[in-house]
Each structure stands twice: as C-alpha cells, then as structure tokens.
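First the structure, in the form of structure tokens, and then the observations on it.
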Amino acid sequence: MTTSAQQLRLVLETEDLDAALAFYRDALGLTELESYDGPDGARVIILSVPSVTLELANPAQVRYIDEVEVGRPTSRRFVGTVRVAFEVEDAAAATSALEAAGATVLAPPTVTPWNSLNARLEAPGGMQITAFQELG
C-alpha cells in the first residue's frame, strides 16, 4: 500500500521563538496560520509556505551545492542534513532584508549553473537557508 502525503510540515526547534518568528513571518513574508500556547511556556506558531517541494540530495550533491553557493562546505550533519530553500522575487533584496532581520549571510547572491540567483544564510536558531531567484 502506498501512502500519499498531503502536506509537508517542517518543525524547527528554536530557543528564541520571537526572533525566529520575526525572521520567517515578518522578514521572509510567511503567513501565520495558527498559534498555540501550552504548559510551562510552550509555544508553537504555524506558518504557511505557498508551495513546497522536497529535494533529496546525496552527500556529493550537497557538497557541490555548497561549493556553488558558498565556495566551501557549510552544510552540517544532523540526523540528515537539512537546508530550507525559499524562492523569492529578488534574491539581493531578500538577502538584505533577511540579514537585517538577524540572519548571517554565508554567501551573497550567486548565479548558479542551474540559472538561479542563490544566497546562503544562517537564520536565527542555526538553520541554513537559501534564498533563490529563478533567472530563466
């Protein structure tokens, strides 16, 4: 029997939820759908991304993407390496806005061999993200 996934939900644990919310909702423009408070200060905010794809890459491809976008290995291993990529209208403007919102720029917008303009950042809480603009 095959299961058909209906939605992808990434759960990012962060020590500074307010900084992460300001980054993902306010700077990156994700829509807040729901929020819940629990016991002992527990909080969750669910944000919507209009469209999601799941990109599966082997370690060689991850190293290649790092080299193209950053010029050196930067992806870290957890259970599996996770990097979240967001398509934006203007990669340069998005990079500036995200940096102002607390991200560390690992590499400025760079034209890739697959004809997109990609910037690599580290979001508050340590998640590496790519802001990419399709050029073609």
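The values are calculated or read from the model by the stated rules, or taken from the named source; none is laboratory data. Keep in mind that what you see is a predicted model, and the values were worked out from it rather than measured. So basically every Cβ, Gly included, is an ideal-geometry build from the backbone, and we count neighbours across all protein chains shown. Surface accessibility is based on the protein's heavy atoms, side chains included, excluding ligands, DNA and RNA. Shrake-Rupley method; radii C 1.70, N 1.55, O 1.52, S 1.80 Å.
Here are a few things to note about the model shown:
- Cβ pairs under 7 Å, 6+ apart, first in segment 7-32 and at negative phi and open to solvent by less than 80 Å² (accessible area, probe 1.4 Å), second at pLDDT 90 or above and among the basic types (K, R): L17/R43; E32/R25
- Which numbered condition I45 misses (of (1) assigned to a strand (DSSP E or B); (2) more than 16 Å from L12 (Cα to Cα)): (2)
- Residues that are open to solvent by 50 Å² or more (accessible area, probe 1.4 Å) and free of Cβ contacts under 8 Å to residues at least 40 places away in the same chain, drawn from segment 58-80: N58, P59, A60, Q61, R63, Y64, E67, R72, P73, R77, F78, V79
- A count restricted to segment 48-57 and to residues that are in a loop (DSSP other than H, G, I, E, B), open to solvent by less than 70 Å² (accessible area, probe 1.4 Å) and not hydrophobic (A, V, I, L, M, F, W, C) stands at 0.
- In segment 6-35, the residue that is modelled with the lowest pLDDT out of those that are farther than 19 Å from A97 by Cβ and not in a loop (DSSP other than H, G, I, E, B) is E34.
- Selected residue [hydrophobic (A, V, I, L, M, F, W, C), over 21 Å from V11 (Cβ atoms), open to solvent by less than 50 Å² (accessible area, probe 1.4 Å) and in contact (Cβ under 8 Å) with a residue 24 or more places away in the chain] from A123, A107, A100, A85: A107
- Scanning segment 110-120 for residues that are part of a strand (DSSP E or B) and surrounded by fewer than 22 Cβ atoms within 10 Å (Cβ to Cβ), we see that the one that is modelled with the lowest pLDDT is S116.
- Filtering segment 126-136 to residues that are in contact (Cβ under 8 Å) with a residue 40 or more places away in the chain and more than 12 Å from the chain's Cα centre (by Cα) leaves Q133, E134.
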